[in-house]
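The values are calculated or read from the model by the stated rules, or taken from the named source; none is laboratory data. Predicted model, so just to flag it, every value in this text is computed and none were measured. Cβ placement follows ideal geometry from the backbone for every residue including glycine, while neighbour counts extend to all protein chains displayed.
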Amino acid sequence: MIARIKHYLSLLAGLVLLTTSCTEDITMDMPEGRKVPVVEASITNEIKRHEVILSYSSELYNTEGFEMISGAEVYVVGGGDTIWYYEQEDNPGHYLTDSVAGIKNRRYHLEINVEDNTIYSEPLHMYADTKMANNASSIDSVGLLPYLNSEGIPFVDESAAVCICPYFQTLSNENIVYQVELYLNGKRFNNRPLKMFNLFPMKGYAGYYFNGPEMLKDNVEIPVGIMNKSYLHEGNVIKVKLYSISEDYMYFLVGQKLAVGVNPVMGAFPAVFTNIFSNCNAIGWFNATSVIEGEAIYHENMFQQ
């Protein structure tokens, strides 16, 4: 998703009004935009190898991929601990930690230094500060239910829908936003309806036992994702992960979604959200998230009348 912002500065610099003629061909000379570093950095409370991806923004109609930034010194400091990111020999511009886990509610500081670069004669310095959002303690269980809402959902065959409904005690913080990920038999699950549920704000739900009797009353369970029965077979394992993210990061993600399909001739581009500070106008995001997860087993007889 972050790759979409790599064209923005070039696109903004080259925004022109296209004029056509029925008698004469017009050749447009699109000015080049300024190349800047693009940062995609993350750390979570999962025990795993966390990643930072460094590249340069590309020109408007570049079809040869992005120029990666190699040879950077990358580390994160938090709570007195220093976590180093090491560049992968077989994947330039991609930096991974050892298997470590971040801590909820801890503030983290990202430092990136690039001695040799293709922008300035002086070293590049990029940094960011963010706090890992709090999260509920756990997901108690996950329900797999038929579609029960009469309003309808675009692109969803309600008769074949399997609603993923977690049950857990929410926190009282209404500013929490969940980034939802679904997994089927250990592999990330993506389809068009799922993208509608990708971001799930807690406003209106905070403090309740999610999908519990007090929250629901006369309503039905609220899904955080939907799968189609055509993807499912007896005994399949469905996992839901709820990443607690900041509202600022939500705006960053929404901005990337709004950028899809924007016509440079017909309108302006959305603002480039970033929390990266630098001496080189870098853009991107350093994201610190905490995650809870739960699983359910799919049985075909769940939906038999």
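Things to note:
- Count - residues of region 87-118 that are among the hydroxyl-bearing types (Ser, Thr, Tyr) and closer than 16 Å to GLU40 by Cβ: 3
- Counted residues, region 225-261 - those being among the hydroxyl-bearing types (Ser, Thr, Tyr), touching a Phe, Trp or Tyr at 6+ places or on another chain (Cβ under 7 Å) and at pLDDT below 95: 2
- When the criteria are applied in full, ALA136 fails the requirement of being crowded, with 19+ Cβ neighbours inside 10 Å, under 22 Å from ASN275 (Cβ atoms) and in contact (Cβ under 8 Å) with a residue 40 or more places away in the chain.
- Positions within region 162-193 being among the acidic types (Asp, Glu) and within 13 Å of VAL291 (Cβ to Cβ), in sequence order: GLU181
- The residue that is nearest to ILE276 (Cα to Cα), counting only those in region 57-79 that are among the hydroxyl-bearing types (Ser, Thr, Tyr) and at pLDDT below 90, is SER57.
- Top-ranked residue in region 229-245 [being assigned to a strand (DSSP E or B) and surrounded by 14 or more Cβ atoms within 10 Å (Cβ to Cβ); ranked as farthest from the chain's Cα centre (by Cα)]: ILE238
- Only one of GLU122, GLU51 that is closer than 22 Å to ILE292 by Cα and among the acidic types (Asp, Glu): GLU51
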